[in-house]
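See structure below.
The values are calculated or read from the model by the stated rules, or taken from the named source; none is laboratory data. Please read these numbers as outputs of a predicted model, since none were measured by experiment. Note: ideal-geometry Cβ built from the backbone for every residue, glycine included; neighbour counts use all protein chains shown. In case anyone asks, the SASA skips ligands and DNA or RNA and just uses the protein heavy atoms, side chains included. Shrake-Rupley method; radii C 1.70, N 1.55, O 1.52, S 1.80 Å.
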Amino acid sequence: MPMKTVKVLWAGRLNYKSGLKLQTILSNQHHQQLKKDNCNTLILVEHNPVFTVGIRDKEYTAEDEQRLTNLGAEFYRTNRGGLITFHGPGQLVAYPILNLKQFKNSIKWYVCQIENMIIRLCAEFGIKGETSPNTGVWVNDKKICAIGIHGSRYITTHGLALNCNTDLSWFNHIVPCGIKGKGVTSISQELNTNVTIQDVLPLFQNTFKDQFKCSLIEYPVEESSQLLKFVNSRDTDA
């Protein structure tokens, strides 16, 4: 079997809604069987401050939403798994848009692959990451990477959020991922030095490539420019 190829799209700083639009466009290419040769894409992005909740969103009232947006962040209800989390500057967010039929037809396998990939990445920095009964990657009782995915006919959307040099005080306003008695941490906090997204990106891509046994190529520049221009354009249906 030939090695699978995944295109890497560095989207830079995006608001969350633009990130959702980008995922929808790329996942639709799979569903519509466009570009049959290669629709698999790894979106890498940094979001403006936003709180997001997963499919169990009824636990969060309009009052909760107002309280969080008053802090200066956006708030979105999504179709991913998991409860509430925060995305913001200093956090590397990855949205793999993959057809798992080309890898392994198992959402459980996919989540385990992501967890193992982040554990390997943490090890590159001398940090001991671990799994727990709760999804994600942990350093002791503190989550360093949140995972929340959605699968539709084995096409994946949403993904993971790795704290690099994130302002962790944002998490003080929520119970991260709905898990009480646990905390959050970052690569920078664990190493007591400033580690940026740009510092992490090369290692992240290498670890992804090794974990998913694929080759990575840069998303065509002209196509990526058109995509990002479109998703960043003013929404007429808002």
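When Asn134, Asn192, Asn140, Asn163 are screened for being free of Cβ contacts under 8 Å to residues at least 60 places away in the same chain and in contact with a helix residue (DSSP H, G or I) (Cβ under 8 Å, 6 or more places away or on another chain), only Asn134 passes.
When each of Thr166, Thr185, Thr196 is tested for being open to solvent by less than 70 Å² (accessible area, probe 1.4 Å) and in contact with a Pro (Cβ under 8 Å, 6 or more places away or on another chain), the lone residue that passes is Thr166. The single residue among Leu203, Leu191, Leu216 that is over 15 Å from Ala94 (Cβ atoms), open to solvent by 20 Å² or more (accessible area, probe 1.4 Å) and modelled with pLDDT of 95 or more turns out to be Leu191. The requirement of being in contact with a Cys (Cβ under 9 Å, 6 or more places away or on another chain) and not hydroxyl-bearing (Ser, Thr, Tyr) is fulfilled nowhere in region 56-79; no residue meets it. The residues on offer are Gly88, Gly82, Gly72, Gly136, and the sole one that is in contact with a strand residue (DSSP E or B) (Cβ under 9 Å, 6 or more places away or on another chain), closer than 14 Å to Phe171 by Cα and small (Gly, Ala, Ser) is Gly88.
Restricting attention to region 120-129, does a residue exist that is in contact with a Cys (Cβ under 8 Å, 6 or more places away or on another chain), without any contact (Cβ under 8 Å) to a residue 60 or more places away in the chain and not hydroxyl-bearing (Ser, Thr, Tyr)? Yes, region 120-129 contains at least one residue that is in contact with a Cys (Cβ under 8 Å, 6 or more places away or on another chain), without any contact (Cβ under 8 Å) to a residue 60 or more places away in the chain and not hydroxyl-bearing (Ser, Thr, Tyr).
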